[in-house]
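Trainee: One structure coming up, written as structure tokens, with questions to follow.
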Amino acid sequence: MKRIIGGVVFLVSALSAAHAADIPLVTKAPTPLYTNWTGLYAGVHIGGAWADKDWVDPPATSIGGHTADGFIFGGQIGYNFQGGPWVAGVEADVSWSDLNGRHVSPFNADLRTKVEGLGSFTGRLGYSWAQSLVYGKAGVGWARDKHQDFFAGALLGQASDTRWGYTLGVGWEQALTPNLSAKLEYNYLDLGTERLTFSGGTLAPFPLDIDQQIHSLKVGVNYRFGPWPLPTR
């Protein structure tokens, strides 16, 4: 009995001493860390894309269409500013592409496309939590194309141009370290209809109208220059 009483007295004394020293008996779990997306970043990406092409012999004779598809890879650079969970920024990206497609027109012409490059200049707005960021983007985009018109193996004419339009996209980015993140992104680029003059073949220069939209899906990594602190919320 004396041992039990002595133990109780010792425990009460220890608790009183801990309280007097303001020593917590239970440690509070640390607040989860949230990635700070503010600052300059740059990165690389790789993926695939497909371009839908509709060809028209002016003024309004459809000569069919095709999809040019293939791989893309390139890089991006941008700047983010974070306010609370919201992240706003700007980004420029450029991709080398190898998109190829062809079809035979109702007049037995062999029409071919090669998309050699594409890119965009966009604004971004996203929402972040923990180490994740989801975002949308919108702006202007461009593509570098080469078109050829063959008949019975002979080149009738060809045309190359850089076309501009609008672009929209959505993405998800996940921080891997305070500075390094990985992303998955989809983009839509609408270049509208443009009249091209085909030349350099067996025929005199002739016009064709080509309507084009491009879809791309890519994965990439970004490095944020800093290091930036990881704030709590």
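Trainee: If I take the Cα coordinates of the stretch 60-149 and project them onto the principal axes, what are the three extents in Å, biggest first?
Mentor: 60, 25, 20
Trainee: Dipole magnitude of the stretch 36-224 about its Cα centre, charges +1 at Lys/Arg Cβ and -1 at Asp/Glu Cβ only, in debye to the nearest 20?
Mentor: Computed charge dipole of the stretch 36-224: roughly 500 debye.
Trainee: Quickly work out the F73-to-T202 label distance, labels modelled 7 Å from Cα along the C-beta direction, and quote it in nm with one decimal.
Mentor: Between T202 and F73, the simple spin-label model gives 3.9 nm.
Trainee: For a quick check of your reading of the filter: which chymotrypsin sites (Phe, Trp or Tyr not before Pro) in the stretch 149-233 sit in a DSSP loop and have no more than 11 other Cβ atoms within 10 Å?
Mentor: F225
Trainee: Beyond 20 Å between alpha-carbons counts as too far, so tell me which of K53/K183; K53/K114; K183/K218; K137/K218; K53/K146 fall in that bin.
Mentor: K53/K183
Trainee: Contour minus end-to-end for A42 and V90, with contour as 0.36 nm per residue of separation and end-to-end as the Cα-Cα distance?
Mentor: Taking A42 through V90 to full extension adds about 16.1 nm, to one decimal.
Trainee: Hey, for a label at R195 modelled as a point 7 Å past Cα toward Cβ, could you say which residues of the stretch 59-97 have their backbone N under 13 Å away?
Mentor: Output list for this probe position: 59-61.
Trainee: I need the phi-derived Karplus couplings for the stretch 126-135: 6.51 cos²θ - 1.76 cosθ + 1.60, θ = phi - 60°, integer Hz, Gly and Pro marked x.
Mentor: Karplus values, whole Hz, x for Gly and Pro: x, 10, 10, 8, 6, 9, 10, 9, 10, 8.
Trainee: Right, something else. Using +1 at the Cβ of each Lys and Arg and -1 at the Cβ of each Asp and Glu in the stretch 36-224, identify which of T167, V134, G83 lies farthest towards the dipole's positive end.
Mentor: Result: G83, furthest along the dipole toward the positive end.
Every number in this text was worked out from the coordinates using simple rules, so none of it is lab data. Note that the structure is a prediction, hence the values are computed from the model and not measured. With ideal geometry, Cβ positions are generated from the backbone for all residues, glycine too; neighbour counts draw on all protein chains shown.
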